[in-house]
1. Can you work out which of the residues in the stretch 40-85 that are assigned to a loop (DSSP other than H, G, I, E, B) and within 20 Å of Ser186 (Cβ to Cβ) is modelled with the lowest pLDDT?
2. Restricting attention to the stretch 39-56, does a residue exist that is touching a helix residue (DSSP H, G or I) at 6+ places or on another chain (Cβ under 9 Å), closer than 21 Å to Arg435 by Cβ and β-branched (Val, Ile, Thr)?
3. What are the residues in the stretch 394-439 that are within 16 Å of the ligand (Cβ to nearest atom), surrounded by fewer than 24 Cβ atoms within 10 Å (Cβ to Cβ) and small (Gly, Ala, Ser), if any?
4. Restrict the check to the stretch 425-435 and report whether at least one residue is modelled with pLDDT of 95 or more and over 23 Å from Gly39 (Cβ atoms).
5. Hey, Tyr309 hits all of (1) exposed (fewer than 14 other Cβ atoms within 10 Å of the Cβ); (2) closer than 29 Å to Tyr390 by Cβ; (3) modelled with pLDDT of 95 or more but one; which does it fall short on?
6. Residue under question is Ala340, and the condition is that it be aliphatic (A, V, I, L, M), within 12 Å of the ligand (Cβ to nearest atom) and over 18 Å from Gly415 (Cβ atoms); does it hold?
7. Residue check, Arg2 against (1) surrounded by 18 or more Cβ atoms within 10 Å (Cβ to Cβ); (2) closer than 30 Å to Val411 by Cβ, all met but one. Which one?
8. Could you list, in sequence order, all residues of the stretch 349-365 that are within 15 Å of the ligand (Cβ to nearest atom) and free of Cβ contacts under 8 Å to residues at least 60 places away in the same chain?
Amino acid sequence: MREDFLWGGAVAAHQLEGGWNKGGKGMSSTDVMTAGRHGVPRQITDGIVDGYYYPNHEAIDFYSRYKEDIQLFAEMGFKCFRTSIAWTRIFPNGDEEQANEEGLQFYDDLFDELLKYNIEPVITLSHFEMPYHLVKTYGGFRNRKMIDFFAKFAETVMNRYQHKIKYWMTFNEINNQSDTSHDLFSFTNSGILYQEGENREKTMYQAALYELIASAKVAKIGHDINPDFQIGCMMAYVPIYPYSCHPDDVMEASVAMRNRWFFSDVHARGAIPSYIKKYWERQGYHLDYTKEDEDILRQGTVDYIGFSYYMSGVVCGRDVEGSQPYGEFKRMIRNPHVKASEWGWQIDPVGLRYTLNTVYERYQKPLFIVENGFGARDVIEEDGTIQDDYRIHYLKQHIVEMKKAVELDGVDVMGYTAWGCIDVVSFGTGELEKRYGFIYVDKDNEGNGTLARRKKKSFAWYQRVIATNGEEL
Ligand code: P53
């Protein structure tokens, strides 16, 4: 592993900060999302409605406790810490002229605290949230105007923090929205609620195109502000395997992967790939993008590919018993060779090595694993300890495969940030008891608890991993 390998942890503003209406912050799209459970979707309410519990409002109150938490990250030896900037702290409504100084100051203080311990901040500009005002007034990324609102937000923070931040990412898991079967992804990626009878896929591709253009514009702006900036994209790479060696299964899996590749192909290569143009043509989608937009895409390619990796999936191209439609896939099927978590995520460490290789072969750009982790229920023993061996086991196996990709395959990996290094609100379900952290937070799914922090067994384990640069696992 490189000497300067970026070991650390990752979170997102709305999942841990809380302080949803403090410091002049505006209402964010995630402030109108209720708590669900495995199998019970989160609801998106029309504004904040009395009688509902909104888990992100307080989250784990990192907003007022960040100094204490960063001290714990420093104790683990973090080289970097990935978080996002809440757009609503900077531009509460998203379309105002002047930025909110109090919000800017909050992140100045937060970044200074990290830098005090030599922890490199890694910043996502858009992690599943936007000013709710932009959703209501402009329809989110249905609207071309969003490109400029986002660019203004990005330019403001890139200017302000140009001497504090080197690593940036534009849109978190931009490809999640290719699953149009419900509103969760369209809302969190793009601020879009689907209407009765609309062609969801067409809407999704248009929004995604505007985001890709916005991303390229911001990459260009960022490099002009500071040529040393490393600006990446962020993909959810759930690799899709063929169910068997039947050619129809293999072809189906290859086509299914285009739901991921489309996004990173544009980010990394700066052009809209031929397979998607052909697809749009067949579907009769006439999407809005101009010659000038294509120039921007070309000029705003990313420096590295950031991605999350949690699990893999399987599709078949024929009717096979047990297969069923799931998300954007016509026929998905359980992988009989891997085990799933309590939330149904199929655990597959080798899939991480496979992903690192396929992505690197495709782009030859540095890769950054910016999320990987195991969501599980933790139990506090009578002696107060939390024996999360299952989490250690998961992370260890994945790091082993990452090392194979680096040492045996020669893949260029910049860093690894474990997701939810401190327990946070789950994005998918809004639960707090789907925990990923090395640090336990005393709070339950209903919002009860003291918010006290407690080290889990994995805390000392990860500390050792970092101290030995991945030698001792
Ligand atoms: P939660 C699906 C597949 C891969 C990653 O997720 C995903 C999702 C969405 O559920 O999301 C990322 O909290 C995301 C984080 C999120 C994390 O995975 O649902 O970038 O914001 O918290 C874990 O268990």
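1. We begin by selecting, within the stretch 40-85, every residue assigned to a loop (DSSP other than H, G, I, E, B); these are 41-43, 45-61, 77-79, 85.
Still in the list and also within 20 Å of Ser186 (Cβ to Cβ): 41-43, 45-47, 54, 56.
Details: Pro41: 94, Arg42: 97, Gln43: 98, Thr45: 98, Asp46: 98, Gly47: 98, Tyr54: 98, Asn56: 98.
The extreme case among them is Pro41.
2. No, there is no match, as no residue in the stretch 39-56 is touching a helix residue (DSSP H, G or I) at 6+ places or on another chain (Cβ under 9 Å), closer than 21 Å to Arg435 by Cβ and β-branched (Val, Ile, Thr).
3. Gly428
4. Residues of the stretch 425-435 that are modelled with pLDDT of 95 or more, as a first pass: 425-435.
In the following step, the residues that additionally are over 23 Å from Gly39 (Cβ atoms) were identified as none.
No, the stretch 425-435 has no match at all.
5. Answer for Tyr309: the failing condition is (1).
6. Numbers: aliphatic (A, V, I, L, M): yes; within 12 Å of the ligand (Cβ to nearest atom): no; over 18 Å from Gly415 (Cβ atoms): yes.
It is false that Ala340 is aliphatic (A, V, I, L, M), within 12 Å of the ligand (Cβ to nearest atom) and over 18 Å from Gly415 (Cβ atoms).
7. Status for Arg2: all satisfied but (1).
8. Selection gives Leu352 alone.
The values are calculated or read from the model by the stated rules, or taken from the named source; none is laboratory data. Every value quoted in this text rests on a predicted model; they were computed, and no experiment measured them. A quick note on method: Cβ atoms are made from the backbone with ideal geometry, for glycine too, and the neighbour counts reach across all protein chains shown.
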